[in-house]
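All remarks here apply to the structure that follows.
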Protein chains: 2
Amino acid sequence: MTPFDPATLRYDANGLIPAIAQDQETGEVLMLAWMNVDAVAQTLETGRVTYWSRSRQAFWVKGESSGHVQRLVEMRVDCDRDCLLLQVDQTGPACHTNRRTCFYTAVRDNDEVVTMAPGG
Amino acid sequence: MTPFDPATLRYDANGLIPAIAQDQETGEVLMLAWMNVDAVAQTLETGRVTYWSRSRQAFWVKGESSGHVQRLVEMRVDCDRDCLLLQVDQTGPACHTNRRTCFYTAVRDNDEVVTMAPGG
């Protein structure tokens, strides 16, 4: 086994790595957001998923204001070390539209179909 | 319903959008790769998942050389329109290391643990 060092991940030109959050029970993909090296370390340390908000340029402790927290169950690193998969326990909706997942719009026969109402 | 136009997605400064591939049967997250606007259109048109290779700067029809193709079952767009979720039928391993998924390394107690052997 190798000790895990967040600095050994491959970050983009902005110092960020994409992180996919997946409901560890249902397997549903909830969202994708970004982390910097400190957000990765903080997430592992606290068990509370913490992203880096590109719009606010600040740490984003998921659910801090909404209560819709993500508890980290397991972090996975991909083969290229440039993407993370977070298996999480999600309290309430993951999406700011109040839906369980951000991926509620499907492309079907070249139309956009909203598959889930807010609250769903 | 709104007709889907790949040009309405939000691409990054390099004209790319991240695309998560998920096994539509098991829910397993297989990989993350990138698409440009033409790769999105081509994937929808052909039903064969086609990425944009950042290293080769060329279209990457998944499985073209390996035979490990991804057949698109459904494309999903996230709330911010800056990420795609591809629900796919994956033939063979998705990862170039010959594993089913690229996310075979777990972080457990600050150690990296390989959870799956090649071929698994």
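The values are calculated or read from the model by the stated rules, or taken from the named source; none is laboratory data. Model, not experiment: these values are computed from the prediction. Counting neighbours? That spans all protein chains shown, and the Cβs are built from the backbone with ideal geometry, glycine included. The protein model used for the area step is the full one, side chains on, heavy atoms only, and it has no ligands, DNA or RNA in it. Shrake-Rupley method; radii C 1.70, N 1.55, O 1.52, S 1.80 Å.
Quick one: would you say residue A:81 is of a type in the set (D, E, K, R), under 22 Å from residue B:12 (Cβ atoms) and surrounded by 13 or more Cβ atoms within 10 Å (Cβ to Cβ)? Yes. Checking each residue in the stretch B:8-21 for being more than 9 Å from chain A (Cβ to nearest Cβ), open to solvent by 70 Å² or more (accessible area, probe 1.4 Å) and not polar (S, T, N, Q) picks out only B:10. For the stretch A:8-26, check the following and say yes or no: at least one residue is among the charged types (D, E, K, R) and farther than 24 Å from residue B:21 by Cα. No, there is no match, as no residue in the stretch A:8-26 is among the charged types (D, E, K, R) and farther than 24 Å from residue B:21 by Cα.
Taking each residue of the stretch B:95-112 that is in contact (Cβ under 8 Å) with a residue 24 or more places away in the chain and looking for partners that are in a loop (DSSP other than H, G, I, E, B) and among the charged types (D, E, K, R) with beta-carbon atoms closer than 8 Å, six or more apart or interchain, yields B:100/B:28; B:101/B:28; B:102/A:78; B:102/A:80; B:103/A:78. If the requirement is being polar (S, T, N, Q) and farther than 29 Å from residue B:8 by Cβ, which of these qualifies: A:105, A:8? Answer to the selection: A:8. For the stretch B:84-120, taking the residues that are farther than 21 Å from residue B:24 by Cα and hydrophobic (A, V, I, L, M, F, W, C), the one that is surrounded by the fewest Cβ atoms within 10 Å (Cβ to Cβ) is identified as B:117.
Could you figure out which of (1) modelled with pLDDT under 95; (2) surrounded by 15 or more Cβ atoms within 10 Å (Cβ to Cβ) isn't true of residue A:65? Condition not satisfied by residue A:65: (2).
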